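Have a look at the structure below before the remarks.
The values are calculated or read from the model by the stated rules, or taken from the named source; none is laboratory data. The model shown is predicted, which means the values in this text are computed figures rather than measured ones. Cβ placement follows ideal geometry from the backbone for every residue including glycine, while neighbour counts extend to all protein chains displayed.
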Amino acid sequence: MSPRALVLGATGHIGAHVVRALLADGHPVRAAYHNPRFLSVLEGLPIERVQVDLERDEELSRALEGYEWVFDAAGYYPRIQERRAHAIERGIASVNRLMRSLLHTRPSRVVFTSSAATIRQVPGRLANETDAEPWSPRHGGATLPRQRGWFRLGRPQDQWRPLYATVKIAMEHEALRFVSEGLPIVVVNPSLCVGEYDAHRFSGRAVLAFAKYRLPCYLDYVFNAVYTGDVGVGHVRAAEQGRIGERYLLSCQQVRVRDFARLVATIAGVSPPRWESPRLVAHVLAWGSELVAGMTRREPWLPRQVVHLSRTGQRLDNAKALRELHLPQTPIDEAIRRAIGWFRQEGILAI
Ligand SMILES: NC(=O)c1ccc[n+]([C@@H]2O[C@H](COP(=O)([O-])OP(=O)(O)OC[C@H]3O[C@@H](n4cnc5c(N)ncnc54)[C@H](OP(=O)(O)O)[C@@H]3O)[C@@H](O)[C@H]2O)c1
């Protein structure tokens with residue numbers, strides 16, 4: 001009998017693909033969702049659905065009971081309005097709460113979804129799982145200065161590091177701490193995920209920027225993108241074949257923003273962006289977009305995180321996941337095609 005699997009964040013972009021990959025392998029699945037508004041991404045699937053707020057201990061413990069495999073794809077994304085120290089504390093607390101509950105239910109595998117943002121870029125070669133961004137426990141929220149926004153200056157280790165990456169690093173460290181307490185945790189680190197079922201449109205913004213909003217310019221740098229369906233399969237293989245306490249980069253293709261934007265435009269049938277934006281202009285636009293986001297309490301359309309990433313680019317080596325997890329590698333143009341097809345089907349993008 002295949003292990004019974006619980007997916008936290010099952011209505012999320014990655015979670016919806018993990019659910020499908022588990023079903024394809026014949027696992028009984030319990031899909032934990034939060035806001036019922038996003039349940040449509042799981043429509044028609046033969047799964048048990050359970051509503052869980054990860055911040056409520058009782059709901060969480062009830063959902064975990066009796067499940068051999070647990071996938072934590074319920075991302076805590078720090079919001080632009082959140083104080084930096086608070087966001088880090090909240091991220092760590094959410095992982096701590098989950099891991100403490102798991103110490104009671106003792107599943108045979110826990111797959112923790114982290115991010116490629118926790119991998120440090122190395123000049124002259126592709127970065128891999130051994131290139132961890134530095135982190136020290138004293139970076140825990142309480143010791144950080146009170147400052148708003150996605151950046152904080154002043155500390156050499158995370159000077160200019162965006163809040164998203166800092167929170168992900170803190171959360172990953174917190175998760176891995178529980179390996180020494182006996183939890184069988186495997187960490188997976190996806191790069192930018194492109195594909196269907198992206199109701200929250202966190203990474204989908206990269207596609208919609210050129211397909212829907214038809215941005216006339218782009219900031220050119222190299223990043224890594226992966227088909228979310230492959231990331232779903234990678235999660236299941238991490239539970240089956242991943243080594244406890246290890247991290248696996250779930251990534252695929254290095255791609256220039258210019259080429260990505262042209263591919264998106266061609267597939268969507270719109271004109272491609274014409275101008276490459278100088279980084280200084282992008283910086284100014286990003287500051288402006290975060291200022292507007294702060295005032296309107298919405299997420300910025302150009303986070304400074306993107307501009308930050310453009311300084312180093314993101315070149316990743318997924319040899320470990322290919323070797324140990326046999327991670328599938330769907331070409332990125334196919335991933336874009338599927339994302340656009342789904343955005344059209346959902347009416348998010350005009351036909
Ligand atoms: N997408 C990417 O390109 C990418 C790349 C690398 C790493 N990641 C990481 O992968 C994880 C998932 O990303 P994603 O893109 O799938 O995110 P997503 O589409 O925004 O989904 C996040 C999921 O988590 C759930 N969730 C959030 N807060 C919750 C809470 N308090 N209780 C229960 N559920 C909660 C959300 O449910 P509600 O919306 O109903 O609250 C949603 O189902 C994140 O940790 C992210 O950092 C994503």
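Here are a few things to note about the model shown:
- Of all residues in region 262-278, those satisfying the criterion of being farther than 13 Å from Phe210 by Cα and either surrounded by 13 or more Cβ atoms within 10 Å (Cβ to Cβ) or touching a strand residue (DSSP E or B) at 6+ places or on another chain (Cβ under 8 Å) (or both) are Glu276, Ser277.
- Residue in region 220-237 that is more than 13 Å from the ligand (Cβ to nearest atom), among the basic types (Lys, Arg), assigned to a helix (DSSP H, G or I) and under 18 Å from the mean Cα position of the chain (by Cα) present: yes
- Annotation: Tyr197 fulfils all but one of (1) at pLDDT 95 or above; (2) surrounded by fewer than 22 Cβ atoms within 10 Å (Cβ to Cβ); the unmet one is (2).
- Residue among Glu82, Glu43, Glu48 that is surrounded by fewer than 22 Cβ atoms within 10 Å (Cβ to Cβ), within 15 Å of the ligand (Cβ to nearest atom), of a type in the set (D, E, K, R) and at pLDDT 95 or above: Glu43
- Here Glu299 meets the list (1) surrounded by fewer than 17 Cβ atoms within 10 Å (Cβ to Cβ); (2) modelled with pLDDT of 90 or more; (3) within 25 Å of Tyr77 (Cβ to Cβ) almost entirely, failing just condition (2).
- Cβ-Cβ distances below 7 Å connect the following pairs, each with a first residue in region 236-265 that is on the phi > 0 side of the Ramachandran plot, a second residue that is assigned to a helix (DSSP H, G or I), and a separation of six or more residues or different chains: Gly245/Leu176.
- Residue pairs whose Cβ atoms lie under 9 Å apart, separated by 6 or more positions or on different chains, with the first residue in region 19-38 and over 19 Å from Arg201 (Cα atoms) and without any contact (Cβ under 8 Å) to a residue 40 or more places away in the chain and the second of a type in the set (S, T, N, Q) and within 11 Å of the ligand (Cβ to nearest atom), are Ala31/Thr11.
- The number of residues in region 107-124 that are over 13 Å from the mean Cα position of the chain (by Cα), part of a loop (DSSP other than H, G, I, E, B) and touching a residue at least 40 places away in the same chain (Cβ under 8 Å) comes to 3.
- Of all the residues in region 237-280, those that are aliphatic (A, V, I, L, M) and more than 27 Å from Ile119 (Cα to Cα) number 4.
- Residue among Gly12, Gly75, Gly66 that alone is among the small types (Gly, Ala, Ser), within 12 Å of the ligand (Cβ to nearest atom), in contact (Cβ under 8 Å) with a residue 40 or more places away in the chain and within 19 Å of Met99 (Cβ to Cβ): Gly75
- Any hit, region 240-255, residues being in a helix (DSSP H, G or I) and either among the β-branched types (Val, Ile, Thr) or more than 24 Å from Ala175 (Cα to Cα) (or both): no
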